[in-house]
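Okay, structure first, notes after.
Computed from the coordinates by the stated procedures, all read-outs in this text should not be read as laboratory data. For clarity, every value in this text was computed on a predicted model and none was experimentally measured. Here the Cβ is made from the backbone with ideal geometry for all residues, glycine too, and neighbour counts use every protein chain on show.
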Amino acid sequence: MRAHGKLVDRFGRVATDLRVSLIDRCSLRCAYCMPPEGLDWLPKDTLLTDDELIRLVRIAVGLGVTEVRLTGGEPLLRRGVPDLVARMAALRPRPEISITTNGILLDRDAAGLAAAGLDRVNVSLDTLDPERFKRIAFRDKHAAVLAGLRAAHAAGLAPVKVNAVLLRGINDDEAPDLLGWALREGYQMRFIEQMPLDAQHGWDRAAMVTADEILEHLRAVYALAPVPDPDRGSAPAETWAVLDGPDRAGWAQDNPRVGVVGSVTRPFCADCDRVRLTADGQLRTCLFSRREWDLKTPVREGASDDELVALLRWAVQHKELKHRINEPGFVRATRSMSQIGG
Ligand code: SAM
């Protein structure tokens, strides 16, 4: 493969963060993501094999991708994730490798993943109440997620980040409690605005709990100070230092922070450095893309590395300027969050 420059789009943004979906299936049915009966899962032979996936990641790393985030569906439902991580960690330059997971299998996998080279983990948890968890995710797995979080922490996958989506009338009163718990446990809490990416098309702007509301709830209990913008880089979360609050002495962090991802009301597209590879080998340049770039077919039809490089560059050049959720006539993405890889 010839030496190639970075993946730059028409607006000068450089793609350095590759989100790789390992599988579209999930063990939960979170109401804002998937219907209780599940979805039509991808046939197994349409999923990229480990070798195909590693090849594409290797090519992307050669084009300046410095961070690979494994996601899904639920990525740990795929077999052999520690092996995949080890193969990614052996690439040069070595990318940062992280995983976004519902945490259910982390009790089993955290130590092996850390040993294989995983750097960080994001665990999704929307509530501290097992009954609410069942109501949101349609599975009785709250205790398993908590055990997974403890295992990740014990395995040194720091900082363990916890992502929560707040739903009006269901768990929107929990922001301060979730933050308090995370501060005590040593996790970094992040709240994410609900996006129109559910398979059921149930998203309702008026019902969405906004970043402003989340901050208002947090500020009723905690003293927060914005972390200056230069520290943000391309991170989707706006970060706040937690200066004071209840049980200060019991917090397990020296530099406590909380993140708020206002994807809808505070979009960060201008600094977006992300591209996504679906489990079936389609490149997406935005969560809200209406088109995908097929990498699987050329891979399976014998394309050379240089040909794949050209395809990747072409796709990234055509990356969307921004999502258009806030504009009249917004049309939803062609697939839902769990099918894309969040
Ligand atoms: N199963 C893994 C997990 O639970 O983290 C990885 C995939 S999941 C699709 C990734 C993240 O997307 C989770 O934090 C989930 O809460 C979030 N998510 C799913 N649907 C969403 C939506 N409509 N709006 C905002 N976040 C969403």
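For THR46 and HIS201, calculate 0.36 nm times their separation in residues minus their Cα-Cα distance, and state this gained length in nm to one decimal.
53.3 nm
Determine, at each q value in 0.11, 0.16, 0.22 (inverse angstroms), the log₁₀ of I(q)/I(0) that the Debye formula gives when each Cα of the range 209-312 is one equal point scatterer.
For the requested q values the scattering log ratios are -0.55, -0.81, -1.15.
Counting pairs of alpha carbon atoms under 8 Å apart in space and at least six apart in sequence, what relative contact order in percent does the chain give?
Reported relative contact order: 22 percent.
Please go through the range 240-329 and write out the GluC sites (Glu not before Pro) that DSSP classes as loop and that have at most 12 other C-beta atoms within 10 Å.
Loop-located and lightly packed - GLU301.
Quote to one decimal, in nm, the extra length available between ASP271 and ASP244 on full extension: 0.36 nm per residue of separation minus the C-alpha distance between them.
6.7 nm is the gain from fully extending ASP271 to ASP244.
Can you list the lysines whose alpha carbon is less than 30 Å from that of LYS44, not counting same-chain residues fewer than 8 positions off?
The reachable lysines, counting only those whose Cα sits under 30 Å from LYS44, are LYS134, LYS141, LYS296, LYS319.
Counting other Cβ atoms within 10 Å, keep those with at most 13, restrict to DSSP loop, and tell me which trypsin sites (Lys or Arg not before Pro) in the range 2-57 are left.
Here the sparse-neighbourhood loop sites are ARG2, LYS6, ARG10.
Could you work out how far apart the two model spin labels at ASP305 and ALA225 are, taking each label as a point 7 Å from the Cα in the direction of the beta carbon, and quote it in nm?
4.9 nm
Most mobile of VAL221, VAL20, VAL123 per a Gaussian network model of the chain (Cα springs, under 10 Å)?
For the chain, modelled as a Gaussian network with Cα springs under 10 Å, the answer is VAL221.
Where the centroid of each part is defined by its Cα atoms, how far is the range 183-197 from the range 283-317 in Å?
Each part's Cα centre sits 31 Å from the other's.
When the Karplus curve 6.51 cos²θ - 1.76 cosθ + 1.60 is applied with θ = phi - 60°, which whole-Hz ³J(HN,Hα) does each residue of the range 69-86 get, with x for Gly and Pro?
Once θ is set to phi - 60°, the couplings for the range 69-86 become 10, 8, 8, x, x, 9, x, 6, 6, 7, 6, x, 4, x, 5, 4, 4, 4 Hz.
Can you give me the C-alpha center-to-center distance between the range 56-81 and the range 235-269, rounded to a whole angstrom?
Cα centroid of the range 56-81 versus Cα centroid of the range 235-269: 26 Å apart.
Quick one: plug the Kirkwood hydrodynamic radius of the chain (C-alpha pairs) into Stokes-Einstein at 4 °C, 1.567 mPa s, and report D in µm²/s.
Calculated translational D: 63 µm²/s.
Could you give the nm distance between label points at ASN255 and ARG108, where each point is 7 Å from its Cα heading toward the beta carbon?
For the pair ASN255/ARG108, the computed spacing is 3.6 nm.
What residues qualify as long-range amide H neighbours of THR265, i.e. H under 5 Å apart, gap of 5 or more or another chain, H built at 1.01 Å from N?
Under 5 Å from the amide H of THR265: ALA211.
Roughly what % antiparallel, to the nearest 5, for the DSSP beta bridges in the range 181-333?
So the antiparallel bridges in the range 181-333 amount to around 75 percent.
For the range 1-51 and the range 89-129, what is the centre-to-centre distance using only Cα atoms, to the nearest Å?
16 Å
Counting only DSSP beta bridges with both residues in the chain, tell me the antiparallel percent, nearest 5.
About 35 percent, rounded to the nearest 5.
Can you tell me the length gained on complete extension of the stretch PHE330 to ARG135, counting 0.36 nm per residue apart and subtracting the Cα distance?
Taking 0.36 nm per residue and subtracting the Cα distance, the gain is 67.2 nm.
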